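Some notes on the structure that comes next.
Rule-based calculations on the coordinates, nothing more; no lab input. Owing to the predicted nature of the structure, the values given are computational and were not obtained by experimental measurement. Methodologically, a virtual Cβ is constructed for each residue, glycine included, from the backbone with ideal geometry; neighbour enumeration extends over all protein chains shown.
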Amino acid sequence: MEFIDEKLSKYAEKHTTPENELIKSLNRDTHANVLAPRMLSGHLQGRLLSLFSKMIQPKAILEIGTYTGYAALCLAEGLTKDGILHTIDINEELETRIQKYFNQSKYKNQIKLHIGNALEIIPTINHKFDLVFIDADKENYSKYYDLLIDQMPSGGIIMADNVLWSGKVIDQEAIDTDNDTRELDHFNAKVQSDPRVENILIPVRDGIMVARKY
């Protein structure tokens, strides 16, 4: 869901650095051949993720929720030369498609794809992550946050997608009746009240919560 006028959104994209050819191809392929293509980060959000990554210059990135790999390729653009990006997705049916695009990227040796349950996989990865991007099952956002925040260095960034949930987070009936809406509202409140971080909720596309550890 976009929270600004469609024409303004197009104007914003027009005045944003364009996608490179690989992620442009992945974008087209996802929309043509994969179920629920709106899950893709897309041009504007992808460039935002890339820019954050380049500013942070992380040695280790964790992405929870790979989908078709678009966001991972954007995040990898900011890795240090010896950096590593771990990305986790539970959908094994997408593994071949994801790996095909990773293998075409100049970051192919710096991206490690994990297929399985993120809550089980994360504790097995021996890295302190400088940048985390959460874009997976909404009911576990708080669990992912709790699992990672104490292990992150000062200045580490956690970004979480879809935190406005098509505007449902300001609809009390949706909060009362829909589990995902309730869990996202809880997650937003958790981050807002956490003295370990400073945070901003950015209303880009479906909302991105950005929390920086003190």
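Please give the peptides 41-51, 60-70, 14-24, 100-110 ranked by average Cβ packing (other Cβ atoms within 10 Å per residue), highest first, as a rough proxy for protection.
Numbers: 41-51: 20.5, 60-70: 25.4, 14-24: 13.5, 100-110: 15.1.
Sorting 41-51, 60-70, 14-24, 100-110 by mean packing, highest first, produces 60-70, 41-51, 100-110, 14-24.
What aspartates and glutamates sit close enough to Lys81 to cross-link, taking a C-alpha to C-alpha distance under 15 Å and skipping anything fewer than 8 places away on the same chain?
Those aspartates and glutamates meeting the cut-off are Asp130.
Take every Cα pair under 8 Å in segment 1-106 that's 6+ residues apart, average their separations, divide by the length, and report that relative contact order as a whole percent. Numbers along the way, then the final one.
Numbers: 116 pairs, mean separation 26.3, N = 106.
Worked out over segment 1-106, it gives 25 percent.
Using the structure shown, list the pairs from Lys112/Lys213; Lys59/Lys108; Lys59/Lys213 with a Cα-Cα distance above 18 Å, or answer none. Write down the numbers at each step before the final one.
On the way: Lys112/Lys213 25 Å; Lys59/Lys108 15 Å; Lys59/Lys213 16 Å.
Table pairs above 18 Å Cα-Cα are Lys112/Lys213.
Under a straight-distance cross-link criterion of Cα-Cα below 12 Å, which aspartates and glutamates are reachable from Lys138, leaving out those fewer than 8 residues away in the same chain?
Asp161, Asp178, Asp180, Glu183, Asp185
Given an 8 Å cut-off on Cα distances and at least 6 residues of separation, report the relative contact order of segment 6-213 as a percent. It would help to have the intermediate numbers written out before the result.
Values: 342 pairs, mean separation 33.1, N = 208.
Normalised by residue count, the contact order of segment 6-213 is 16 percent.
Antiparallel versus total DSSP beta bridges in the chain: what percent is that, nearest 5?
Details: 11 of 29 bridges.
Given both bridge residues lie in the chain, the antiparallel proportion sits at roughly 40 percent.
Mind listing the long-range amide H neighbours of Ala60? Cut-off is under 5 Å, sequence gap 5 or more, other chains count too, H placed in the peptide plane at 1.01 Å from N.
Ile84, Asp130, Leu131
If you average 1/r over all unlike Cα pairs in segment 61-206 and invert the result, what Kirkwood radius do you get in angstrom?
Numbers: mean 1/r = 0.0622 Å⁻¹.
Answer for segment 61-206: a Kirkwood hydrodynamic radius of 16.1 Å.
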